[in-house]
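The values are calculated or read from the model by the stated rules, or taken from the named source; none is laboratory data. All figures in this text were calculated on a predicted structure; none of them were measured in a lab. Backbone-built Cβ (ideal geometry, glycine too); neighbour counts: all protein chains shown. Only protein heavy atoms, including side chains, enter the accessible area calculation; ligands, DNA and RNA are left aside. Shrake-Rupley method; radii C 1.70, N 1.55, O 1.52, S 1.80 Å.
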Amino acid sequence: MDRDDKIAPSILSADFARLGDEVARVERAGADLIHFDVMDGHFVPNLSIGIPVLESLRKVTRLPLDAHLMIENPEKYVEAFVKAGANSVSVHAEVCKDIPMMAKRLHDLGARASIGINPETDVQRVLPFAEHLDMILIMSVHPGFGGQEFIPASLQKLREVRRELMRRGLALDVEIDGGIKSDNIADVKSAGANVFVSGSGIFGKPDYNKIIAGMRDLIARAQPANS
Ligand code: DX5
Ligand code: ZN
């Protein structure tokens, strides 16, 4: 496993009544990031958690908090998320009016800048702006719910994105989010992902140490991206 490979449990599938404890358990089990899904009931047909919860988690974990904003009008909220303690913020290309300006805003606030794309969104919506970004997030399910099936066409998107980044000499993180489990984590690694979000694939299991160690091992043994 390369130093740049990161496992990011999505707390959407955690037990919200014991959230601090759940985060502590995945931290002890070797998670690299905490993926924090924010939903507004408009951009996606569901609601989840927001700024006060992130602020509370900031106090109980040292891991970077990776905020995934599945919300309309993200420009209205990014500052509050960073001030609450988000280390990286993903805004969706489908609702971001000016990607370079958003990236600059996030950098000025001290956060890493990431742009996400939905399964039906072409990679060309984000690739032209790669120089401005720290990460590209590829959704491998339709956002809104945990526990969905991985969409296989996402592998081709990962390859396309990683190939183009390599061609331009850019070492951005490429995050894959949706339906990632032990049985497909090596495939997405080989296709070019290096940040692996997994919600039900981790929180659905009884032993977080075992599942995260197993994922690490599968990533380490995956065939390298061959483009
Ligand atoms: C989906 C969220 C994901 C979700 C992943 O809208 O963005 O982060 O929690 O959950 P799993 O891994 O169960 O697909
Ligand atoms: Zn997410």
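Of the residues screened, Leu109 is one that is aliphatic (A, V, I, L, M), away from ligand 2 (no atom under 14 Å from the Cβ) and surrounded by fewer than 19 Cβ atoms within 10 Å (Cβ to Cβ). Picking from residues in region 165-208 that are open to solvent by 30 Å² or more (accessible area, probe 1.4 Å), outside any helix (DSSP H, G or I) and within 15 Å of ligand 1 (Cβ to nearest atom), the one that is farthest from His92 (Cα to Cα) is Lys205. Across region 142-164, the number of residues qualifying as open to solvent by less than 10 Å² (accessible area, probe 1.4 Å), under 21 Å from Ser200 (Cα atoms) and either of a type in the set (A, V, I, L, M, F, W, C) or part of a loop (DSSP other than H, G, I, E, B) (or both) comes to 1. Number of residues in region 1-59 that are out of contact with any helix residue (DSSP H, G or I) (no Cβ under 9 Å at 6 or more places or on another chain) and either aromatic (Phe, Trp, Tyr) or open to solvent by less than 10 Å² (accessible area, probe 1.4 Å) (or both) equals 2.
Taking every residue in region 137-164 that is within 21 Å of Lys6 (Cα to Cα) and away from ligand 1 (no atom under 14 Å from the Cβ) and pairing it with any residue that is outside any loop (DSSP other than H, G, I, E, B) and open to solvent by 70 Å² or more (accessible area, probe 1.4 Å), at least 6 positions away or on another chain, the pairs with Cβ-Cβ distances below 7 Å are Leu155/Asp187.
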